[in-house]
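Heads up, the thing below is written out as structure tokens.
Read-outs: derived from the displayed coordinates by stated rules, not from any lab. It should be emphasised that the depicted structure is a prediction, and the values quoted were computed from it without experimental measurement. Here the Cβ positions follow ideal geometry from the backbone for every residue, glycine too, while neighbour counts run over all protein chains shown.
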Amino acid sequence: MLDVRALRKVYEGHGRHVEAVRDLTFSLDAGELVCVVGPSGCGKTTLLKCVAGLLEPTSGEVVLRGQRVTGPPPGTAVVFQEYGRSLFPWMRVRDNVELPLRQKKHVTKARRRELVEHALHAVGLDDTAGAYPWQLSGGMQQRVAIARAVAYEPEVLLMDEPFAAVDAQTRADLEDLVRRLWQELGVTVLFITHDIDEAVYLGERVVVLSSSPTVVQEQLTVDLPARRDHLHTRADPRFTQLRTRVYEEIQAAKRGGGVGGAVAPPQPLDKMP
Ligand SMILES: Nc1ncnc2c1ncn2[C@@H]1O[C@H](COP(=O)(O)OP(=O)(O)OP(=O)(O)O)[C@@H](O)[C@H]1O
């Protein structure tokens, strides 16, 4: 349903020439939750902006439901890292969540209110509808941003390092929230992170990017149980195997090769220590 094909993006201007991503090709099936992980500065945000139709690729393309993406595609919601900048401080929480719904002309006011209530309930913020964002903690503000995306009833949810700025406990809670919403809503999720543990904990599949010049280094299926929790999943030996493998891939990418390469053939995951 979502295809990234030979995507390349070069930023030009002010005497600079930055090849942010060189050649990215991967796909998401409908209803998948895929994490993209890569080192800092490898072009993850650039990739997400191209997928969201906010940035034009230099070459290659993003195709969503068979249509080439040339602007923000309908049915797609984005959650960015900087929740503080994505919420309007002069609008109450309920109005922030409702705002994108106003674009949907066929949705009545009563239905909008219902969707907002339901979304705030889904993220555990029933009591904050009348508050202003600045009256909430960072983690709560990010929940509002997620509620806004959920209320929009997207088919595709794009998330760009959404939990990078919150504390570890809140982050763990928000990761569980994303998996729960994904399971309940059947939405297709592309989740960008630089955190290997987060990618393996959340994803059904992990796309590993190399460092610049950026290509897809590896794709791994995460064969952990669908029901995950921080206590048990992170203690699962399989979790450790997978995170080790992703870590090795990223290290190999920095050296300019794959884990397998000419040096050592890749070990099947089930044979890894
Ligand atoms: N608007 C821009 N103009 C010029 N160069 C840019 C622009 N945006 C990003 N870049 C450059 O493109 C490269 C990739 O940046 P990008 O933000 O996509 O990486 P990232 O993987 O998301 O980084 P991080 O993990 O640190 O958030 C960097 O070298 C960055 O300096």
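Descriptive notes on the structure:
- Each Lys and Arg adds +1 at its Cβ and each Asp and Glu adds -1 at its Cβ; summed about the Cα centre, segment 92-176 shows a dipole of about 660 debye.
- For peptides 231-237, 115-121, sequence by mean Cβ density within 10 Å, most packed first: 115-121, 231-237
- Looking at segment 55-161, the trypsin sites (Lys or Arg not before Pro) that sit in a DSSP loop and have at most 12 other Cβ atoms within 10 Å of their own Cβ are K105.
- Choice from A149, A165, A199 with maximal GNM fluctuation in the chain (Cα, 10 Å cutoff): A165
- The chain: angle of helix 168-185 to the longest principal axis, Cα-based, in degrees nearest 10: 80 degrees
- Compactness relative to 2.2 N^0.38 Å, alpha carbon Rg of segment 1-153: 1.19
- Computed from label points 7 Å out along Cα-Cβ, the spacing between R102 and A226 is 3.9 nm.
- Of K9/K254; K9/K104; K44/K254; K44/K104, pairs whose Cα-Cα distance is over 22 Å: K9/K104; K44/K104
- Dipole magnitude (debye, nearest 20) for the chain, charges at Cβ of Lys, Arg, Asp, Glu: 620 debye
- Between the residues H17, G41, V200, the greatest Cα displacement towards the positive end of the dipole of the chain, with unit charges on the Cβ of Lys, Arg, Asp and Glu, is found for H17.
- Contour minus Cα-Cα distance for E61 and T244 (0.36 nm per residue): 62.7 nm
- Charge dipole (the chain, unit charges on Cβ, about Cα centre) - positive-most of S137, L101, F26: L101
- Against the main long axis of the alpha-carbon atoms of the chain, helix 237-255 sits at an angle near 70°.
- Translational diffusion coefficient (Stokes-Einstein; Kirkwood radius from C-alpha pairs) of segment 130-195 at 37 °C, 0.692 mPa s, in µm²/s: 263 µm²/s
- Among beta bridges identified by DSSP and lying wholly in the chain, the antiparallel ones come to about 50 percent.
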